[in-house]
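Below: one structure, written as structure tokens.
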Amino acid sequence: MMLESDIELGGNDQHFNVLMGRHLQEYYNKEKQVVMLLPLLEGLDGVEKMSKSKGNYIGIDENPQDMYGKTMSIPDELMVKYFNLASNLPIDDKLKIVADLENRRVHPRDAKMLLARTIVSMFHGTEAANQTEQIFKEVFQKGLIPDDIPMIVWDTAEPVSVIDAIVKLKLLPSKGEARKMIQNGGIRVNGEKIIDINFLVVVQDETIIQVGKRKFIKLLRSNPAVN
């Protein structure tokens, strides 16, 4: 009312608030605004609305691999909503995807890969989307380690707790989260799953630590031992 707005755009969780604005405008003899409500998009957890503060979001400024990987992690039942609200595919293509999923003519994994490729291409281009999908197939479907992972020089020969190493390398923000990730089977060293929270890493040249499905780091010794 104070702004004398003509149109107000909001999420459908703001239904009461935006309609109240119309009542106030009418009370003050103003022309009532047009209200446009849009459906909310649930985040990666499939429950809460997508929100940066809740950590369940896909950021438009994220790198292609994180964007692709996060899209692949959404629940299958949300795929159609993501296609409709978050992709730029033509409406006919969206309708075909919905029909193919309902009739089981396409596997949900393949549909989700199309969704991930589409979203990455919207912000990073088709070439980046195709390259990211190839990396995904190699890492997650074939169990391979990507070639272009970050490398860090590790300057001590002393064994280090895997939890301390993960936190020091900023792969996870806290020892508690690192401990929980180990207990959930999400930590690997040189491809071997770590199940002991007290595991000690003896860093050799090109030791690879993997956290979850998308985080890899390669440790290089500053003075690698000579065999």
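The values are calculated or read from the model by the stated rules, or taken from the named source; none is laboratory data. On a predicted model such as this, the values are computed, not experimentally measured, just so you know. For neighbour counting, all protein chains shown are included, and Cβ atoms are generated from backbone atoms with ideal geometry for every residue, glycine included. Note: accessible area is taken over every heavy atom of the protein model, side chains too, but ligands, DNA and RNA are not part of it. Shrake-Rupley method; radii C 1.70, N 1.55, O 1.52, S 1.80 Å.
Looking only at strands (runs of 3 or more DSSP E) that lie completely in segment 174-226, which have at least 1 residues being at pLDDT below 85 and not small (Gly, Ala, Ser)? Write out each step before concluding.
Working: elements: 187-189, 207-211, 215-221.
In segment 174-226, the matching strands (runs of 3 or more DSSP E) lie at 215-221.
Of the numbered conditions (1) without any contact (Cβ under 8 Å) to a residue 24 or more places away in the chain; (2) over 30 Å from Lys215 (Cα atoms), Gln25 satisfies every one except a single condition; which is it?
(1)
Condition first: in contact with a Leu (Cβ under 7 Å, 6 or more places away or on another chain), under 11 Å from Leu219 (Cβ atoms), touching a residue at least 12 places away in the same chain (Cβ under 8 Å) and surrounded by fewer than 15 Cβ atoms within 10 Å (Cβ to Cβ). Can you find one or more residues in segment 196-205 that meet it? Walk me through how you get there before you give the answer.
Start the filter on segment 196-205 by keeping residues that are in contact with a Leu (Cβ under 7 Å, 6 or more places away or on another chain), which leaves 203, 205.
Then drop every residue that is not under 11 Å from Leu219 (Cβ atoms), which leaves 203, 205.
In the following step, the residues that additionally are touching a residue at least 12 places away in the same chain (Cβ under 8 Å) were identified as 203, 205.
If we keep only those that are surrounded by fewer than 15 Cβ atoms within 10 Å (Cβ to Cβ) as well, we get 205.
Within segment 196-205, one or more residues are in contact with a Leu (Cβ under 7 Å, 6 or more places away or on another chain), under 11 Å from Leu219 (Cβ atoms), touching a residue at least 12 places away in the same chain (Cβ under 8 Å) and surrounded by fewer than 15 Cβ atoms within 10 Å (Cβ to Cβ).
Given the conditions (1) more than 21 Å from Glu62 (Cβ to Cβ); (2) surrounded by 13 or more Cβ atoms within 10 Å (Cβ to Cβ), report the number of the one that Lys168 does not fulfil.
Among (1) more than 21 Å from Glu62 (Cβ to Cβ); (2) surrounded by 13 or more Cβ atoms within 10 Å (Cβ to Cβ), Lys168 violates only (2).
In segment 138-157, is there at least one residue being open to solvent by 90 Å² or more (accessible area, probe 1.4 Å), out of contact with any strand residue (DSSP E or B) (no Cβ under 7 Å at 6 or more places or on another chain), in a helix (DSSP H, G or I) and modelled with pLDDT of 95 or more?
So far as segment 138-157 goes, no, none of its residues is open to solvent by 90 Å² or more (accessible area, probe 1.4 Å), out of contact with any strand residue (DSSP E or B) (no Cβ under 7 Å at 6 or more places or on another chain), in a helix (DSSP H, G or I) and modelled with pLDDT of 95 or more.
Can you give me the number of residues within segment 4-41 that are within 26 Å of Tyr57 (Cβ to Cβ), surrounded by 14 or more Cβ atoms within 10 Å (Cβ to Cβ) and among the hydrophobic types (A, V, I, L, M, F, W, C)?
5
Please enumerate the residues belonging to segment 26-45 that are assigned to a loop (DSSP other than H, G, I, E, B) and closer than 30 Å to Gly69 by Cα. Walk me through how you get there before you give the answer.
Taking segment 26-45 first, the residues assigned to a loop (DSSP other than H, G, I, E, B) are 28-33, 39-41, 43-45.
Across segment 26-45, the qualifying residues are Pro39, Leu40, Leu41, Gly43, Leu44, Asp45.
Out of Glu177, Glu192, report the one residue that is over 18 Å from Asp66 (Cβ atoms) and of a type outside the set (Val, Ile, Thr). Can you show your working first?
Values: Glu177 fails: over 18 Å from Asp66 (Cβ atoms).
Exactly one of Glu177, Glu192 is over 18 Å from Asp66 (Cβ atoms) and of a type outside the set (Val, Ile, Thr), namely Glu192.
Look through segment 124-137, keep the residues that are open to solvent by less than 70 Å² (accessible area, probe 1.4 Å) and charged (D, E, K, R), and return whichever of them is nearest to Asp66 (Cα to Cα).
Glu133
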